[in-house]
Structure formats: structure tokens, C-alpha cells
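The values are calculated or read from the model by the stated rules, or taken from the named source; none is laboratory data. Given the structure is predicted, the values throughout are model-derived calculations rather than measurements. Here the Cβ positions follow ideal geometry from the backbone for every residue, glycine too, while neighbour counts run over all protein chains shown. Note: accessible area is taken over every heavy atom of the protein model, side chains too, but ligands, DNA and RNA are not part of it. Shrake-Rupley method; radii C 1.70, N 1.55, O 1.52, S 1.80 Å.
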Amino acid sequence: MNYNFTKQIAKGLAVTAWIVSMSVFPALASSHAEAPLISMDRYADNTDVYAFRSIASGRTGFVTLLANFIPFQDPSGGPQFYRFDDTVLYEIHIDNTGDGLPDISYQFRFTTSTVNSNTILGHTAITLGNPMSDGVVSTTRDIDYNMPQTYSITRVNSTNGNPVSSTVMLPSGSIRTPPSNVGPRVTPNYPALADQETHTITPSGFRTFAGQRDEGFLVDVGAAFDLLNFRSLNSTCGGVSTTDGFNVNSIAIEVPIQELTRDGQPVANSLAANAVIGVYSTASRQSTQVIAADGSRSNSGPFIQVSRLGNPLINEVIIPLGLKDAFNSIRPSVDGTIPAVVNAVLDPELAKLLVAVGAVPSTPPPPRNDIAQITVLGIPVNGVTGPNYTTVIQGNDGVPHEEIRLNMGITPTPYGSASFSRLGLLGGDVAGYPNGRRVEDDVTDISLRVVAGGTPFTPSYNVAPNNTLGDGVSGNDVSIDPITGVPMAGGTDYLQRFPYLAPAQQGNQPRRSNLRPCSVGPAKK
């Protein structure tokens, strides 16, 4: 399970100079504002990517792909609230040949219009004197949805990263995003309202949704950047979920498995040559923006990638500060040619910090090939995970590429079943992270344990406290009916159908405390 990165490091010297020189331009810059430039460009900030086999009845032959943007949305943040940026090109990419280049890309472009420009309100409004206007947005075609947004989807097929064909799957203007969840008077039945814009495209059964959802990522951000000052390490109390009470904008698609494979065929089993794909998402802006004297803006020039995300937490806790902006401007194909990126994976600073603050007594010495396999290479068939488990894209070029890798031949695990674990592979659940990423996977706890060596891949360190690390946040704050999506006591944390993330939290509501009570404890299975 050892890999030789010497060639990649040697090849990267010239590329490193190029990357550093490019990092001075504002066009460069992704996940929850972790890189300097993207922290000032929130509408292009890619916060999370999910890739997993669908679990809804009749949909297990599909893969769900989610890409979230615009972090930390206060549900009451009006009057404009939150919509996708019409000037940003949002994309979800699939690498099914293992070269770190996109073989399939789904491109999303958004267009916003205004119904009533004479109101003092914004995103939603009531037109006084119009009997058809009551201020309540009851459908996504309601006149009181004052700034409706439509979008298009184009699938681009590429060879060696170069586009060779494209298909307009959804023409511009044909469907809408739902409005933000403004409040109980304006959007009183929001789950049903949002469901109006979940669409199925025939004949393949491809599904799409784009709009505001509950922020389902679990993390104690405040503790993490207060030098790993996790409450769960010092008491039996749970942690503080920084993302509780916030929303995010999500692009979601559900695609037949055979439409993602390299040969266009179904996957026979987990060891099939077409079983594993790499997934990442990007946001791009045109290279030139002109601001006129009246405040109007125009954009021109080629699209430049400013945000990129594959595996969770890579840019936050692996990539060094001086390369964070530049890292998000490049394709995964370049990753292995940059010595600073390769070294950051093989000898992560976070491992040293965990020891420095007393979270663990020691961590495995570099080179950390276990981390490399999870994040940039894929896990080969081995004696730990068994003969039927791999996340290596067959035919890959052997160079590190940072992508989420999903084995589409592994059967999905039903949420709530005895074999399901929020810890994914570390909890014995082979359908979870790092085999793709489900919305329920607690990637913060998983990642902390991986960096500390608390996994079967480094058995000498797979002991407490290394293999029990966590931030004390192990469940979402929204309890919903798993089918209807309506908030309810005793429900589950997420939807059990497309688009899986819970409906957006409602504005004009008292903010609940996000402090987890001691009775919750540090973790749940």
C-alpha cells in the first residue's frame, strides 16, 4: 500500500512557479470560505459535494450528485435573500478514466427576472391594488415570487479534458428554482413549494433540483479553528454545530448509472472496470467585469475557475494557505505535479497540530500513504477492506488527483438500517465515505480519525483516542418526515428521497440554540 511520489514531485517544479504566479489575480479562488479570495465571493463558493447511490424505492439504479454553494445563509437574510449568481457557471464533473480530467460535465446557468421593480421589497413582494397579489407565494409561478430564477442544464462530453460534444438537457427558462424560505406568512408550506421544482427528464429518468436547502454539513467550525478546541475532547457534552440554523443553495441531479460510466454500460459488480468514478464540482467567472457609472455591470471573456471541491475539508485542513486560492483554480489532473500539494497530503500539518494541542499522543509518521489513498489515489483491493472493495478508478494514470471516488457497484445501505453507520467505512458501512459521500456521513469525525491514524490502515494507531476523535456533532438539527420533508418530532435528519437534503429552514423564526446538550453525547452510530 505504498506509492512513490518522487516522479510527481520532480515534474512539479515548473508548475509550482506557474501556480504561485497566478495566485495574485482576483479571478482565482472554495468550501465554507476557507480560501482567502473565495471568502469574499460567497455566491461562487462551493461548500460541499456529495456522490452516492440513490436509496429511494425504484431509484437504486441511479446516482445522486449534489453540489452546494453560498455558505452560512441566515434564513431571515432579506430582502434579496439568496439565489444563484447569474454570472457564475456552476458545474459538476465526472472523471471515469482516472486521469483527473472531466469526461462528463453538467453545466448550470441561471437567469433572474423581476416581476415588479417598483416595490421596496425584493425576492418576494405584494403588488398593492392587484387582486391577484396577496403576498403569499403558494406556487413557484405565483405573481408574488417577485424575482424568479430559471436555469439551464447542458451535458458536455470530453476526451482528454477537451469537449467533443454537448447536449442541452434542459433549455434555458423552462423550469425555476423555488424562492428562499422567507417566512411563515410568505412561504407557509415550503416543503411542498420546493417539491414543485423537482423535475424528471424523460426518457432516462434523470432528475434535477436547484434551490435553497437546509445546511446539512456537520461541523463545529468555531472549535476547529480555535486550535482544535473541541468540547467533546474535554467533557461528555456534545459539540456546537456551527451550521445549525443556516441554509445553503444546492444543485442536485440524479443520473442513471450507465450514463456516468466510461462505456455507457451498467456496472456488473464492484470490481468491474467501469465501476468507479471521480466527482468534483467547480464554479467559474468570466475573466473581465466592467462596472459602469450607473452601477450596472457587464461580463466578458473566457470563464476562469474560481472555486473547486471534491473531498470534504481538503482545502481547509490540508492545503497550505499560500496555495489555497491557486488550488481552487486548477483541475485535479494537475494536483500530483505540485510538490507542496503532494507533501501536504503525505505529511499533513493537522496531524502535528493534533499532537501539539494534546488531542492525541502521536500520529503515524510520514509518508501518509493511507491519507493519499483516501483522498487522491483511491483505495485498492487489500486485506483490510476485503476483496470486493475498491475506490480506484480502473485505467487511472497513477498520479494523485483530488476527487471524491464512488464505486457504483457497491449496494447502497438504507438509512436507519442496522448496517448503516454515519462513520461510513470506519463504521463498517462500505456504502459510505470515502466510497462517495452521503448526506448523513459525518465526514468531520471520519477525517479527524483518518489524519490521526485511527483507522485499520494504520493498526498501531487505531486505538483511543486516535480512533474516537470527533467534534461532538453527529446529527443534523432538522427532524423531518423522511418522505414528505415536513418538519416533525421524531423524524429523521434528512430526506430519504431526492434531493435528500432537508428543506430550507424558515426565516422570521427565533434562532434555536445550537449548543448540543450533554445528554446527546459526543457521537451516535
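Condition check: surrounded by fewer than 22 Cβ atoms within 10 Å (Cβ to Cβ), of a type outside the set (D, E) and at positive phi. Does G322 satisfy that? Step through it out loud before you land on a result.
On the way: surrounded by fewer than 22 Cβ atoms within 10 Å (Cβ to Cβ): yes; of a type outside the set (D, E): yes; at positive phi: no.
Spelling it out, it is not the case that G322 is surrounded by fewer than 22 Cβ atoms within 10 Å (Cβ to Cβ), of a type outside the set (D, E) and at positive phi.
Please work out which residue is farthest from P380 (Cα to Cα), limiting yourself to the stretch 257-277 and to residues that are under 22 Å from the mean Cα position of the chain (by Cα) and either part of a helix (DSSP H, G or I) or modelled with pLDDT under 95 (or both).
The selected residue is E259.
Among the listed residues S166, S138, S152, S174, which satisfies the condition of being open to solvent by 60 Å² or more (accessible area, probe 1.4 Å), assigned to a strand (DSSP E or B) and hydroxyl-bearing (S, T, Y)? Walk me through it before giving the result.
Numbers: S138 fails: assigned to a strand (DSSP E or B); S152 fails: open to solvent by 60 Å² or more (accessible area, probe 1.4 Å); S174 fails: open to solvent by 60 Å² or more (accessible area, probe 1.4 Å).
Step by step, each of S166, S138, S152, S174 is checked, and only S166 is open to solvent by 60 Å² or more (accessible area, probe 1.4 Å), assigned to a strand (DSSP E or B) and hydroxyl-bearing (S, T, Y).
Quick check on V473: is it under 29 Å from N229 (Cβ atoms), at pLDDT 90 or above and either surrounded by fewer than 17 Cβ atoms within 10 Å (Cβ to Cβ) or in contact with an Asp or Glu (Cβ under 7 Å, 6 or more places away or on another chain) (or both)?
So V473 fails the test.
For V186, only one of the following conditions fails: (1) open to solvent by less than 50 Å² (accessible area, probe 1.4 Å); (2) under 26 Å from R437 (Cα atoms). What is its number?
(2)
If you go through the stretch 84-100, how many residues are over 19 Å from I257 (Cα atoms), open to solvent by 10 Å² or more (accessible area, probe 1.4 Å) and part of a loop (DSSP other than H, G, I, E, B)?
Adding up the residues that qualify gives 4.
Quick test for you: out of D445, D481, pick the one residue that is at pLDDT 85 or above, touching a helix residue (DSSP H, G or I) at 6+ places or on another chain (Cβ under 9 Å), of a type in the set (D, E) and buried (at least 21 other Cβ atoms within 10 Å of the Cβ).
D445 is the lone residue from the list that is at pLDDT 85 or above, touching a helix residue (DSSP H, G or I) at 6+ places or on another chain (Cβ under 9 Å), of a type in the set (D, E) and buried (at least 21 other Cβ atoms within 10 Å of the Cβ).
Sort through A452, A418 and tell me the only one that's surrounded by 24 or more Cβ atoms within 10 Å (Cβ to Cβ), over 19 Å from A502 (Cα atoms) and of a type in the set (A, V, I, L, M, F, W, C).
The unique qualifying residue is A452.
Taking into account only those residues within the stretch 51-70 that are open to solvent by less than 10 Å² (accessible area, probe 1.4 Å) and closer than 20 Å to A194 by Cα, which is farthest from the chain's Cα centre (by Cα)?
Only one residue tops the list, namely S54.
Looking at F225 and the list (1) open to solvent by less than 10 Å² (accessible area, probe 1.4 Å); (2) within 30 Å of V355 (Cβ to Cβ), which single condition is not satisfied?
Looking at each condition in turn, F225 falls short on (1).
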